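Presented below is the structure to which this report refers.
The values are calculated or read from the model by the stated rules, or taken from the named source; none is laboratory data. Remember, it's a predicted structure, so these values are computed and weren't measured experimentally. We place every Cβ from the backbone using ideal geometry, glycine too, and count neighbours over all the protein chains shown. For accessibility, only protein heavy atoms count, side chains too; no ligands or nucleic acids. Shrake-Rupley method; radii C 1.70, N 1.55, O 1.52, S 1.80 Å.
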Amino acid sequence: MEKATIRDIDVAGKKVLVRVDYNVPMENGAITDDTRIRATIPTLRHLLANGAAVILASHLGRPKGAPVPEFSLAPAAKRLAELLGQEVAFASDCVGPVPEAMARDLKPGQVLLLENLRFHKEEEKNGPDFARSLAALADVLVNDAFGVSHRAHASVEGVTRYLPAVAGLLMEKEIDFLSRAVTSPAHPYVAIIGGAKVSDKIGVISNLLTKVDTLIIGGGMANTFIAAQGYATGKSLVEEDKLELAKSLLADAKARGVRLLLPGDVVVADRFAADAAAKVVSIDAIPEGWMALDIGPASSQTFAQALADAKLIVWNGPMGVFEMDAFAQGTEAVAKAVAASAATSIVGGGDSVAAIEKMGVQSKISHISTGGGASLEFLEGKVLPGIAAIRDK
Ligand code: ADP
Ligand code: MG
């Protein structure tokens with residue numbers, strides 16, 4: 001079922017509450033990366049051009065349900081005003097008399113940003129009174145915050161009991177790309193899963209095994225699969241309690257005829273440090289006391305080859321400790337292979353997206369998801385409460 005978007009409704013003269021994700025990195029009250037604010041501009045321009053009065057709501061950081069000055073969204077209002085080239089009013093709270101009066105007086109074409117939703121514990125608890133107070137500010141909800149839509153929070157789920165909800169343009173793009181991977185993937189479909197731990201990504205791996213032609217596993221989690229095959233892994237990150245699971249996933253891949261690629265060589269280090277002694281070894285020769293922190297060059301080449309003729313690529317999780325240059329080669333090689341491929345490419349996960357940016361290949365990726373956990377849950381085939389709450393077309 002296709003979801004209704006801001007293009008499907010008439011917003012002229014309406015008060016439109018837009019749930020955005022302005023959870024931007026800040027240092028000493030200054031925004032250090034405004035990507036998330038920029039990303040919402042197309043949705044906001046569409047609404048403003050069509051005569052809506054726009055009320056924006058977001059969370060920032062983890063203030064744990066009480067006002068914390070360092071998590072104020074006031075700097076985001078300032079930045080948004082610069083990006084839009086127009087005034088952005090700021091309400092010192094997201095519910096109650098202050099935003100109510102400001103929302104009431106807001107004219108078509110004007111913008112109001114509400115203070116951090118998570119200054120109220122009812123946001124994450126999905127409190128009905130809080131949701132109703134938010135809903136009272138507007139006529140319709142636009143959800144453009146994919147990254148929190150796997151949570152049934154008041155501003156993405158509760159509020160839709162009182163207001164009709166449609167998708168913003170960012171949300172539309174997320175649903176469009178991610179559902180291609182879930183419902184009608186092009187083949188060959190190659191998924192690359194990496195990152196720290198198997199336990200974070202069991203659900204997605206199981207689900208991908210029912211859909212992909214090739215599954216590439218790298219990063220810290222590959223060590224658990226390497227150990228499951230009986231190799232010594234030294235001091236590598238291995239989840240002992242997931243060895244049986246790794247074995248069953250390997251068996252499942254085999255039974256389904258999925259080609260599962262694990263690293264055949266790794267870069268090992270004598271300690272977890274950027275300046276550690278490091279060398280490339282085959283997975284059957286990981287020295288005692290050393291740890292695998294990256295995939296080796298032969299693995300990089302094998303993985304890149306497997307990506308070359310893909311029609312659809314999904315990538316979540318770096319191939320190594322890419323934050324340290326000595327262990328970034330595997331992630332870099334995969335990033336370049338994904339970028340060079342003619343496939344539709346989808347990258348999700350906070351660290352994977354950071355890696356893509358570090359390698360400077362963002363523009364060569366079809367879709368960079370704005371939601372780590374949300375994109376994983378979507379790829380697992382789960383119904384995301386915030387998306388389920390958006391009305392169907
Ligand atoms: P994402 O945010 O893209 O979903 P994860 O959070 O699952 O990715 O994993 C990213 C982290 O995994 C990075 O901080 C990286 O340093 C770490 N990592 C990758 N490979 C290894 C490894 N071999 N050993 C330890 N940590 C690793
Ligand atoms: Mg991460």
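For the stretch 186-208, the condition of being outside the structural domain of LEU47 (by TED's automatic domain parsing), among the hydroxyl-bearing types (Ser, Thr, Tyr), more than 16 Å from ligand 1 (Cβ to nearest atom) and open to solvent by less than 10 Å² (accessible area, probe 1.4 Å) holds for at least one residue.
Go over the candidates THR214, THR233 one by one and state the one that is touching a Phe, Trp or Tyr at 6+ places or on another chain (Cβ under 9 Å), over 30 Å from ILE55 (Cα atoms) and open to solvent by less than 30 Å² (accessible area, probe 1.4 Å). Explain how you work it out, then say what you get.
Working: THR233 fails: touching a Phe, Trp or Tyr at 6+ places or on another chain (Cβ under 9 Å).
Criteria check complete, one pass: THR214.
Could you count how many residues in the stretch 107-121 are surrounded by 21 or more Cβ atoms within 10 Å (Cβ to Cβ) and either over 23 Å from VAL88 (Cα atoms) or not β-branched (Val, Ile, Thr) (or both)? First the steps, then the outcome.
As a first pass, look at the stretch 107-121 and keep what is surrounded by 21 or more Cβ atoms within 10 Å (Cβ to Cβ): 111-120.
With either over 23 Å from VAL88 (Cα atoms) or not β-branched (Val, Ile, Thr) (or both) added as a condition, the list becomes 112-120.
Of the residues in the stretch 107-121, 9 are surrounded by 21 or more Cβ atoms within 10 Å (Cβ to Cβ) and either over 23 Å from VAL88 (Cα atoms) or not β-branched (Val, Ile, Thr) (or both).
Can you say whether ALA89 is open to solvent by 20 Å² or more (accessible area, probe 1.4 Å), in contact (Cβ under 8 Å) with a residue 24 or more places away in the chain and of a type outside the set (Val, Ile, Thr), as far as the supplied structure shows? The answer is yes for ALA89.
Please determine, by comparing only the residues of the stretch 154-185 that are in contact with a Phe, Trp or Tyr (Cβ under 6 Å, 6 or more places away or on another chain) and touching a residue at least 60 places away in the same chain (Cβ under 8 Å), which one is surrounded by the fewest Cβ atoms within 10 Å (Cβ to Cβ). Among residues in the stretch 154-185 that are in contact with a Phe, Trp or Tyr (Cβ under 6 Å, 6 or more places away or on another chain) and touching a residue at least 60 places away in the same chain (Cβ under 8 Å), the one surrounded by the fewest Cβ atoms within 10 Å (Cβ to Cβ) is LEU178. Residue count for the stretch 300-325, restricted to those that are farther than 18 Å from VAL361 by Cα and within 12 Å of ligand 1 (Cβ to nearest atom): 2.
Taking the residues in the stretch 336-355 that are among the aliphatic types (A, V, I, L, M) and more than 25 Å from PRO25 (Cβ to Cβ) as candidates, determine which candidate is nearest to ligand 1 (Cβ to nearest atom). Of everything passing the filter in the stretch 336-355, ALA337 is nearest to ligand 1 (Cβ to nearest atom).
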